[in-house]
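Contents: one structure, followed by commentary.
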């Protein structure tokens, strides 16, 4: 009797939001999952083999990816620090590993590749014209993946998949997240909701468990994809910038939302002393202009886009961040509908 070969996935950035949720989803889908991390003592996800190593070490990534069918490249410098020096070399490690193993790279994409003042709705064909440092680096990342997929490349090219989404939030949210660094404070009750956007301006949010599950569903059908594939994930669209505030207030049991606007004018000053604040200051236009992702291509391929109801997603996120929630707040088991 012969048995099918195990489907092996290597996850880079498993301690982060997208990487952690995608790793957990792949385990649920029957994948054998490895995670390359710098500190294995932080290993916390069941069913995953943790390997110690740094993504900046190309040889370590190549070794960890041996036999893998997919490589989830969900690693970023914490606090946006060292983006210019580290992001592209980290991606080159994944490209080298994919070239050696024959794996497809799965990359979480962002809206930073676009000019928010020019495009209120973006699809996979919208021209990418960034004005921020992070956006320009993101464009270069995708360009390198597309170039590596060319048939004339060594070993027939490196296959890749980009799933673009809005601002991430979820129970594994990190300090890079607007939700966990502004709207709420991990481990503390909600008293004031610090919201970055202008009233009346729509904003796209992406619930991390839904993103991870979508990556897993796409990975299950990897052989049906072209060598270089892009999909847009619509996520939770807050049409006027108030739906997320109200959901946080309801989850916290507040009688009325106590929201105040992020003092953007102070960020450039703080940026003189903090690289993280300097990078965040560049993001203001994405909160002053609506940018919605068109997901028809994703829905045509998968049949639907998974979308957890906002109240359930926000409550689950706050619980995961140890933010106290009201007794009447909804539980995740009540709804996981598309």
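The values are calculated or read from the model by the stated rules, or taken from the named source; none is laboratory data. From a predicted model like this one, the values you see are computed outputs, not experimental measurements. Note: ideal-geometry Cβ built from the backbone for every residue, glycine included; neighbour counts use all protein chains shown.
Hey, can you tell me all the residues within the range 161-178 that are in a strand (DSSP E or B) and farther than 18 Å from residue 123 by Cα? Before the answer, list the steps.
Within the range 161-178, the subset in a strand (DSSP E or B) is 161-164, 167-169.
Once the filter is applied, which keeps residues that are in a strand (DSSP E or B) and farther than 18 Å from residue 123 by Cα, the range 161-178 yields 168, 169.
For residue 240, the conditions (1) in a helix (DSSP H, G or I); (2) under 30 Å from residue 324 (Cα atoms) are fulfilled apart from (1). Given the conditions (1) modelled with pLDDT of 85 or more; (2) assigned to a helix (DSSP H, G or I), and given that residue 66 satisfies all but one, which numbered condition is not satisfied? So the condition that residue 66 fails would be (2). Only a single item in (1) in contact with a helix residue (DSSP H, G or I) (Cβ under 6 Å, 6 or more places away or on another chain); (2) outside any helix (DSSP H, G or I); (3) modelled with pLDDT of 95 or more; (4) surrounded by fewer than 20 Cβ atoms within 10 Å (Cβ to Cβ) is not met by residue 217, and it is number (2).
Scanning the range 137-188 for residues that are crowded, with 16+ Cβ neighbours inside 10 Å and free of Cβ contacts under 8 Å to residues at least 24 places away in the same chain yields 178, 181.
Scanning the range 225-237 for residues that are part of a strand (DSSP E or B) and within 18 Å of the chain's Cα centre (by Cα), which turns out farthest from residue 294 (Cα to Cα)? I'd like the intermediate steps shown before the answer.
Initially, the range 225-237 is screened for residues part of a strand (DSSP E or B), giving 228-232, 236-237.
Subset that is within 18 Å of the chain's Cα centre (by Cα): 229-232, 236-237.
Details: 229: 15, 230: 12, 231: 9, 232: 6, 236: 12, 237: 11 Å.
It comes out as 229.
Output the residues belonging to the range 284-309 that are in a helix (DSSP H, G or I) and surrounded by 19 or more Cβ atoms within 10 Å (Cβ to Cβ). Can you show your working first?
Residues of the range 284-309 that are in a helix (DSSP H, G or I), as a first pass: 285-288, 296-302.
Correct list: 286, 287, 298.
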